[in-house]
Amino acid sequence: MNRRHLLQQMAFLGVVALLLIGCAGAQVEPTAPPSPIPPTATPTPARVTPTSIPPTPTPMERLDGKRALFVIYDRFEEDEYGIPRAILEDLGVVVIVASLSSDVVKGYDGSIEVQPDVLLGDARGGDYDAIVFVGGMGYEVDDPEAQRIAREAVAAGKVVAAICIAPITLARAGEVEGKRMTVAMFPHELEKAGAIYTGAGFEHDGLIITANSPGGSRRVGEAIATVLGE
């Protein structure tokens, strides 16, 4: 093995280690599965064993008729997906899942398998009340379709949330100027795009909501619900 190849392997392993620490290192409450989708909706629920999460401390307004798009990739972080989804569905939000293909997408530890409802290329950010970019080991930071969806959502005045490494999508979409944000790694990406990187576990600035680990998943879900109820 030549020296260049060895350095490339070391760099790759370093990124993997950072993602494991940033996106999977926090301990949070168990992931809840999605509630059954109303008969009038088209999304397919994730194939998981029913569990529950503790109720939110403060009763929240019903959000019947609202729609949220969850963007996931292979090896997504289960809590970052399951907890916000459960919170929103419990309030009546219809959740649609988008991914790169129609194939079943598996979570990082294999406890959740999700059948996407729509391809990212067919989704339009303005068609939903909220967009949630779910982080994880397989997150695609350079996906142009995800960046397009983020731009469309911001332009339409929708709620946009991103967890773990996913805030980089918002930065590369050019939609974070002056926003207080956090991210699991590569904070210079946010700063280069004009955001104010705080290093906090959770940030909520207007319609932009970010968290840097699964530990912020509940706060992300509750913040989305609060904004949608205003």
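For this structure, a couple of remarks:
- Single match in Ala86, Ala24 (criterion: at pLDDT 95 or above and aliphatic (A, V, I, L, M)): Ala86
- Val141 vs. criteria open to solvent by 10 Å² or more (accessible area, probe 1.4 Å), farther than 20 Å from Ile87 by Cβ and in a helix (DSSP H, G or I): no
- Residue in the range 184-199 that is part of a strand (DSSP E or B), open to solvent by 50 Å² or more (accessible area, probe 1.4 Å) and either modelled with pLDDT of 95 or more or under 20 Å from Val93 (Cβ atoms) (or both) present: yes
- Glu222 vs. criteria outside any helix (DSSP H, G or I), among the charged types (D, E, K, R) and more than 17 Å from Ile72 (Cβ to Cβ): no
- Considering Asp64, Asp74, Asp79, Asp109, the condition of being closer than 27 Å to Val183 by Cβ, charged (D, E, K, R), modelled with pLDDT of 95 or more and outside any helix (DSSP H, G or I) is satisfied by Asp74 alone.
- Flag for Arg219 being within 28 Å of Met60 (Cβ to Cβ) and without any contact (Cβ under 8 Å) to a residue 40 or more places away in the chain: yes
- Every pair of residues 6+ apart whose Cβ atoms lie under 7 Å, when the first sits in the range 78-95 and is among the basic types (Lys, Arg) while the second is assigned to a loop (DSSP other than H, G, I, E, B): Arg85/Pro34
- Scanning the range 214-226 for residues that are out of contact with any Asp or Glu (no Cβ under 8 Å at 6 or more places or on another chain) and open to solvent by 20 Å² or more (accessible area, probe 1.4 Å) gives Gly215, Arg219, Glu222, Thr226.
- Residues satisfying the stated conditions in the range 199-228, i.e. of a type in the set (Ser, Thr, Tyr) and farther than 13 Å from Pro167 by Cα: Ser217, Thr226
- In the range 112-138, the residues that are part of a strand (DSSP E or B) and open to solvent by less than 20 Å² (accessible area, probe 1.4 Å): Val114, Ala130, Ile131, Val132, Phe133, Gly136
- Being surrounded by fewer than 20 Cβ atoms within 10 Å (Cβ to Cβ) and either of a type outside the set (Val, Ile, Thr) or under 22 Å from Glu203 (Cβ atoms) (or both) holds for only one residue in Ala156, Ala150, Ala68, Ala98, and it is Ala156.
The values are calculated or read from the model by the stated rules, or taken from the named source; none is laboratory data. All values reported here derive from a predicted model rather than from experimental measurement. With ideal geometry, Cβ positions are generated from the backbone for all residues, glycine too; neighbour counts draw on all protein chains shown. Just so you know, the surface numbers come from the protein's heavy atoms only, side chains and all, with ligands and any DNA or RNA stripped out. Shrake-Rupley method; radii C 1.70, N 1.55, O 1.52, S 1.80 Å.
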